[in-house]
Amino acid sequence: MTSSQDADPDSRLEPEIRIDARIDARYGSLPPQERRVADFLLEHLGDLAIFSAADISRETGVSKATVSRLFRKLDFEDFREVKDHARALRSRGVPTAAPVTSADTEASTGVQRHEARDHENLARLSAGLAEGRLHQAVEMLATAERVILLGLRNSYPVALHLHQQLIQSRSRVRIAPQPGQTLGEELAGIGAGDLVVAVGFRRRPVVFGKAVRAVAASEAELLCLGDSTSRHYAMDADCWIECPIDSEGAFDSYAAAMSLVSLLANGVLNRQLGAGRKRISAIARAYDELDELEH
């Protein structure tokens, strides 16, 4: 029998609302058995793909009818739609933890899965660098008069690390935005001879796309680095490199992204080895004069 809450069209939740928010909105009105199912869903958002509705019924000790009734209250047609929703959340970068399963009898099991996924990410990155794409990116980074590295949110550490590596072998490299600055202040005046490296991994702020389009409309060159969710920016870029960040856990793995930084920085140094070595020596002397590093 359909409840009055289910029958009221005004009580329907928007399909874009995350499942955890849907559960929060309904939780207080759920009977105890449905709450057990809701708790199970929240605890297993990261690995719902391995369960069926029958599995959930068995794990929670409630009937299949109760499980199906909760799905409808959460505005899902069936469990397939629930799983599709959970996959979509993860693909957008929303942390959805996959708890340790009974198969994880050794502490190393989770580490091994993580290592295997990182190896897979590196293999996919390597395939994407074929046909001269790495060489093209290195040439752009080595020959630009100025390099502006743009990174926001999760992308900022990757952009910052690339900045720190590049300044070892070449000058006129800066990270944007600087603390307290807006992107408009950072990008004003870019033009011929400049290279903007837009690092855009998933869960990007809206302003990232606007910045990419602004650079593409200028005379500056544009190098874009990101995961598959930023692939649509490839059409605006002079060079696009896709870097997978998939992981077995709730949070993305940036191991491949940091490896890409190393490949780019080493490529730039090798591209201009004489000048790069002189700069590295000058920096080392400055470290000694300022007594900045441990011995």
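The values are calculated or read from the model by the stated rules, or taken from the named source; none is laboratory data. All figures in this text were calculated on a predicted structure; none of them were measured in a lab. No Cβ is skipped: glycine too gets one built from the backbone with ideal geometry, and neighbour counts run over all protein chains shown.
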> Do you know which residues across the range 44-66 are charged (D, E, K, R) and modelled with pLDDT of 85 or more?
Replying inline: 55, 58, 59, 64
> Looking at 69, 26, 90, 12, which one is out of contact with any Lys or Arg (no Cβ under 7 Å at 6 or more places or on another chain), at pLDDT 75 or above and either of a type in the set (D, E, K, R) or surrounded by 13 or more Cβ atoms within 10 Å (Cβ to Cβ) (or both)?
Replying inline: 69
> Do we find that residue 155 is out of contact with any Cys (no Cβ under 9 Å at 6 or more places or on another chain) and surrounded by 21 or more Cβ atoms within 10 Å (Cβ to Cβ) in this structure?
Replying inline: yes
>> List pairs: first residue in the range 183-207 and of a type in the set (Val, Ile, Thr), second residue in a loop (DSSP other than H, G, I, E, B) anywhere in the structure, Cβ distance under 7 angstrom, at least six positions apart or on different chains.
In response: 190/218; 190/220; 196/190; 196/220
> Restricting attention to the range 37-49, which residues are outside any loop (DSSP other than H, G, I, E, B) and either touching a residue at least 40 places away in the same chain (Cβ under 8 Å) or over 32 Å from the mean Cα position of the chain (by Cα) (or both)?
Replying inline: 41, 43, 45, 46, 47
> Among the candidates 241, 283, which residue alone is loosely packed, with under 15 Cβ neighbours inside 10 Å and in contact (Cβ under 8 Å) with a residue 60 or more places away in the chain?
Replying inline: 283
> Pairs under 9 Å by beta carbon, first residue surrounded by 16 or more Cβ atoms within 10 Å (Cβ to Cβ) in the range 249-269, partner among the aromatic types (Phe, Trp, Tyr), six or more apart or different chains?
Replying inline: 252/201; 254/201; 257/201
> Looking at 198, 234, 214, which one is surrounded by fewer than 22 Cβ atoms within 10 Å (Cβ to Cβ) and under 18 Å from the mean Cα position of the chain (by Cα)?
Replying inline: 234
